[in-house]
Ligand code: ACO
């Protein structure tokens with residue numbers, strides 16, 4: 001029996017949803033290059049593609065788009081949002097409110113109709129909680145705005161800048177799906193038990209929350225704050241690496257070259273905020289970190305991952321740090337649901353094995 005720690009290199013399913021080429025640094029959704037999708041399509045279209053394998057017909061697209069604006073909260077859920085202690089983090093708030101939605105409408109088997117209902121609720125929950133903490137009125141999505149525009153509108157209460165909407169949309173498209181990462185695998189494991197769709201998404205959210213998965217981007221900003229200036233970068237980074245710490249926003253199980261999403265995001269931020277001192281610091285620190293990593297970890301092929309420039313793009317659209325992981329959760333919910341639908345189409349409960357290495361033939365002692 002061979003054990004692969006972290007399931008490294010273990011193939012557990014066939015999928016038609018996406019392919020990552022870790023050597024070439026490419027990512028495709030249903031045959032389409034993700035960089036191209038981010039430039040030419042809307043998030044709503046990409047979700048349709050991920051869940052259905054093809055783009056919607058123009059007549060279908062309008063109906064589909066309207067569903068993205070259907071997220072709303074009951075009075076009881078708004079009340080729950082207000083009552084939850086301010087210390088509770090946003091992912092836990094989303095999980096709690098999704099649990100309260102987990103009614104009969106999400107029961108097995110999952111469908112795209114159920115999926116859209118769940119996905120549409122998440123930005124509404126995030127915005128309602130944010131505004132409740134600020135003592136402001138909670139807002140509902142507007143029919144005339146896109147999914148990305150509505151998120152920013154519901155958070156800020158004003159119509160967002162088109163450049164911010166475009167940047168958020170590109171970010172959401174680039175991060176919607178990424179194979180069997182920890183949270184997506186969690187979603188598939190939960191779904192394989194034929195649990196309801198809300199529960200499978202809640203399980204995935206719990207995995208995403210961890211600091212070395214979806215929790216990394218706010219730590220990237222913390223790291224850049226601590227570094228403070230280009231002059232301090234090399235010594236700060238070297239000290240951390242020699243002390244055995246990991247640099248947030250670097251390293252990936254699959255990519256042995258730069259994560260293509262990191263490159264695409266860097267260019268989106270450059271287009272909108274290229275002159276900002278914090279962006280220039282991020283770019284310079286990236287170069288220095290890669291050079292020090294090559295020296296300190298010469299055989300490890302550690303490159304920039306998507307989280308590094310996630311921090312930059314979310315800063316560019318003026319979102320606070322505590323919303324970085326929740327904002328990522330919105331797009332990744334689309335990927336989780338694509339996998340839950342695929343799992344359900346040909347389900348077998350996921351049940352791997354472990355190798356016992358504990359003691360054998362122990363006897364209960366009679367004193
Ligand atoms: N900084 C310094 N060294 C690193 C880093 C890093 N960011 N990432 C990996 N390494 C080193 C490890 O120290 C280890 O070296 P060693 O064997 O000499 O001790 C080697 O590379 C292998 O590292 P593992 O942790 O075994 O790699 P794994 O594939 O398990 O982990 C992970 C991948 C979790 C992403 C890791 O690179 C990491 O923790 N990065 C920092 C956190 C981060 O940015 N996470 C976001 C990932 S993207 C996402 O989840 C959406």
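The values are calculated or read from the model by the stated rules, or taken from the named source; none is laboratory data. Fair warning: this is a prediction, and the values are worked out from it, not measured in the lab. Ideal geometry is used to build each Cβ from the backbone, glycine not excepted, and the neighbour counts take in all protein chains shown.
Details
- Out of 21, 8, 14, sole residue that is touching a strand residue (DSSP E or B) at 6+ places or on another chain (Cβ under 8 Å) and under 25 Å from residue 253 (Cβ atoms): 21
- Qualifying residue in the stretch 343-352 (condition: surrounded by 20 or more Cβ atoms within 10 Å (Cβ to Cβ) and either away from the ligand (no atom under 15 Å from the Cβ) or assigned by the TED database to the domain that holds residue 23 (or both)): yes
Yes or no, residue by residue, for (1) at pLDDT below 95; (2) surrounded by fewer than 22 Cβ atoms within 10 Å (Cβ to Cβ); (3) in the same structural domain as residue 39 (by the TED database); (4) out of contact with any strand residue (DSSP E or B) (no Cβ under 7 Å at 6 or more places or on another chain):
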position	(1), (2), (3), (4)
130	no, no, yes, yes
138	no, yes, yes, yes
143	yes, yes, yes, yes
147	no, no, yes, yes
151	no, no, yes, yes
156	no, yes, yes, yes
164	yes, yes, yes, yes
167	yes, no, yes, yes
176	no, no, yes, yes
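- Selected residue (criterion: surrounded by the most Cβ atoms within 10 Å (Cβ to Cβ)) from residues of the stretch 13-40 that are at pLDDT 95 or above and part of a loop (DSSP other than H, G, I, E, B): 17
- Beta carbons closer than 8 Å, at least 6 apart along the sequence or on distinct chains, pair a first residue in the stretch 297-308 that is closer than 7 Å to residue 259 by Cα with a second that is near the ligand (Cβ under 6 Å from one of its atoms) for 304/249; 304/250; 305/216; 305/249; 305/250; 305/251; 305/252.
- Residue in the stretch 179-201 that is more than 18 Å from residue 350 (Cα to Cα) and over 15 Å from the mean Cα position of the chain (by Cα) present: yes
- Pairing residues of the stretch 176-201 that are more than 24 Å from residue 49 (Cβ to Cβ) with residues that are within 16 Å of the ligand (Cβ to nearest atom) and assigned to a helix (DSSP H, G or I), at Cβ distances under 6 Å and at least 6 apart in sequence or on separate chains, gives no pairs at all.
- Matching option when the condition is without any contact (Cβ under 8 Å) to a residue 40 or more places away in the chain, away from the ligand (no atom under 16 Å from the Cβ) and within 19 Å of the chain's Cα centre (by Cα), among 2, 30, 40: 30
- Restricting attention to the stretch 218-253, the residues being assigned to a loop (DSSP other than H, G, I, E, B) and within 11 Å of the ligand (Cβ to nearest atom) number 10.
- Test: residue in the stretch 237-251 that is in contact with a strand residue (DSSP E or B) (Cβ under 9 Å, 6 or more places away or on another chain), at negative phi and either without any contact (Cβ under 8 Å) to a residue 12 or more places away in the chain or surrounded by 14 or more Cβ atoms within 10 Å (Cβ to Cβ) (or both): yes
- Being over 20 Å from residue 19 (Cα atoms), more than 16 Å from the ligand (Cβ to nearest atom) and modelled with pLDDT under 90 is a description that applies to residue 272.
- Check on residue 265, under 24 Å from the mean Cα position of the chain (by Cα), at pLDDT 90 or above, farther than 24 Å from residue 33 by Cβ and surrounded by 15 or more Cβ atoms within 10 Å (Cβ to Cβ): no
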